[in-house]
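What follows is a set of notes on a single structure, which appears directly below.
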Amino acid sequence: MTYKKNRYKYPVEELTVYAKEALERRGVKLEQIAEIIYSLQKDYVNDLDLETCMYHLEKVLEKREVVHAILTGIAIDEIAEKDLFDDPILSIIKSDEGLYGIDEILPLSIINLYGSIGLTNFGYLDKEKTGIIRELDLRKDNVVNTFLDDIIAALAAASASRLAHSYQKHEDK
Ligand code: MG
């Protein structure tokens, strides 16, 4: 069985490039996400380095579902920034209301790919707001990062989960 050709307009490699560009445009460097992954996993993996964290992040970014979540979340932030939604949803998104919650639901499509370690790490990062996540949370004045901070937390949590599972496999052998 094979899939029909041209099922997708964009090959996933191209989408990954778009996602990386979107993150950069929003002021997020992949290295900053790798630092969060490191902070989540350093106590569990001997001699962990940022390069390994980056490797797992790059692998997570190769997935179509992950890219979809990144591009969707960033698009909503940018559209809200331009005031192109109507109220009440415009002011709810712009003010990042605590009980809005949809910004935390959307990145679950990233988390769901990598099991329960991803979910617990995501919850942890949502509370702790480590590194660039806190910076995004504090940046205000006509900048909307309502979805972006949760997207970054999900990318870090999913990558940490992927990393943890890869070491588990080595140990199980
Ligand atoms: Mg948020």
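The values are calculated or read from the model by the stated rules, or taken from the named source; none is laboratory data. Because the structure is predicted, anything quoted here is derived from the model rather than measured. Cβ sites come from the backbone with ideal geometry, for glycine too, and all protein chains shown count toward neighbours. Each accessible area value is taken on the protein alone, full model and side chains, heavy atoms only, with ligands, DNA and RNA left out. Shrake-Rupley method; radii C 1.70, N 1.55, O 1.52, S 1.80 Å.
Remarks
- The set of residues in the stretch 95-113 that are of a type in the set (Ser, Thr, Tyr) and either loosely packed, with under 14 Cβ neighbours inside 10 Å or within 11 Å of Ala156 (Cα to Cα) (or both) contains only Ser95.
- Residue list for the stretch 64-74, restricted to those being among the hydrophobic types (A, V, I, L, M, F, W, C) and either in contact (Cβ under 8 Å) with a residue 60 or more places away in the chain or open to solvent by 50 Å² or more (accessible area, probe 1.4 Å) (or both): Val66, Ala69, Ile70, Leu71, Ile74
- Residue in the stretch 107-116 that is within 10 Å of the ligand (Cβ to nearest atom) and either over 14 Å from the mean Cα position of the chain (by Cα) or assigned to a loop (DSSP other than H, G, I, E, B) (or both) present: yes
- Output for the stretch 114-162, where each listed residue is touching a Phe, Trp or Tyr at 6+ places or on another chain (Cβ under 7 Å) and open to solvent by 10 Å² or more (accessible area, probe 1.4 Å): Arg162
- For the stretch 117-142, the set of residues classified as assigned to a loop (DSSP other than H, G, I, E, B) and either away from the ligand (no atom under 13 Å from the Cβ) or at pLDDT below 90 (or both) consists of Thr130, Gly131, Arg139, Lys140, Asp141, Asn142, listed by residue number.
- Failed item in (1) assigned to a helix (DSSP H, G or I); (2) in contact with a Ser or Thr (Cβ under 9 Å, 6 or more places away or on another chain); (3) within 13 Å of the ligand (Cβ to nearest atom), with Ser161 passing the rest: (3)
- When Asp77 is tested against (1) on the phi < 0 side of the Ramachandran plot; (2) open to solvent by 30 Å² or more (accessible area, probe 1.4 Å), exactly one condition is not met: (2).
- Single residue of the stretch 85-94 satisfying the filter (surrounded by 12 or more Cβ atoms within 10 Å (Cβ to Cβ) and of a type outside the set (A, V, I, L, M, F, W, C)) that is farthest from the ligand (Cβ to nearest atom): Ser91
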